[in-house]
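These notes are about the structure you will find just below.
The values are calculated or read from the model by the stated rules, or taken from the named source; none is laboratory data. Bear in mind the structure is a predicted one, so any value in this text is a computation, not a measurement. Heads up, the Cβs are rebuilt from the backbone with ideal geometry, glycines too, and the neighbour counts pull from every protein chain shown. These area figures cover heavy atoms from the full protein model, side chains too; ligands, DNA and RNA do not enter into them. Shrake-Rupley method; radii C 1.70, N 1.55, O 1.52, S 1.80 Å.
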Amino acid sequence: MKKLFVALVVALTSAMFASAQDIITKKDGQDVEAVIEEVGDDYVKFKYFEELAGPVIVLKKRDIFRIQYQSGRVETFEQKVNPLYDNGREPVAGIRPGMKYKELKTLYNPREYVSVMGDVHPAWSGVASFLIPGLGQGINNEWGRAAGQFFGSYGLILAGSLCASGIAASADGYNPTLGVVSIACILGALGLDIWSIVDAVKIAKIKNMYQQDLRKLYAVDIDLYPTVNYAYTASGLTPAVGMTLALKF
């Protein structure tokens, strides 16, 4: 009778200790018996159940599949990786396909631009306008602005060159008026070229942001990302690595 009583006490004590532990299941399938100390935004702090006097262990949430708390509650962590085209912001309200740049520039702030897969790289637009004034605008389908900047730049260069030629051909020597006009035209062309580069980069950023929002609002998003799924087998919880194809309408 005494032995039976001792056995019952031991069993009850073991059950109490077993229920006082948390189970962390890692993405590699390993179960960790632990006592959770803290759950942060991207980490979990715990102590090993068998080493409560030991150090606090920190584990990243990205390495955890789920936590089964001593209360019985189970918390499963999101496994999906953000797609490469996610810019981390909500689409601008009220946009529609076919909007013009003059409308878009009032809706978007190019300083908030985040590059994602599929964008026209703004730097290439700037390089194009550096080589040929207005070419960066043309790449972004703003041919009216492209033509204005191209002909404006080369018109100023031509006017400056003609004034310089007039000074050289003048029999009376240096003409101050033509000299000032020539220098003003050259400086104007240089300023217009610099502005063309800046403008091309700005247009590319705004149009990229617009296209990003259109894809979110009107297109079908296809996400292909790696996932780790778990299944109960005879040997316990077993991880199975695979790929998930997700369609979002």
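Quick look at the values:
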{"item": "Under 12 Å, Cβ to Cβ, from V35 - net charge with Lys/Arg +1 and Asp/Glu -1", "result": "-4"}
{"item": "Whole-percent carbon and sulfur share, accessible surface of the stretch 39-164, 1.4 Å", "result": "58 percent"}
{"item": "Neighbourhood net charge (12 Å Cβ-Cβ; Lys/Arg +1, Asp/Glu -1) for G144", "result": "+2"}
{"item": "Mean Cβ count within 10 Å, highest first, over the residues of peptides 48-55, 130-137", "result": "130-137, 48-55"}
{"item": "Whether the stretch 44-156 is rounded, prolate or oblate, judged on the alpha carbon gyration tensor where a/c under 1.5 counts as rounded", "result": "prolate"}
{"item": "Cut-off 11 Å between beta-carbons: net charge of the residues surrounding D63, Lys and Arg +1, Asp and Glu -1", "result": "+3"}
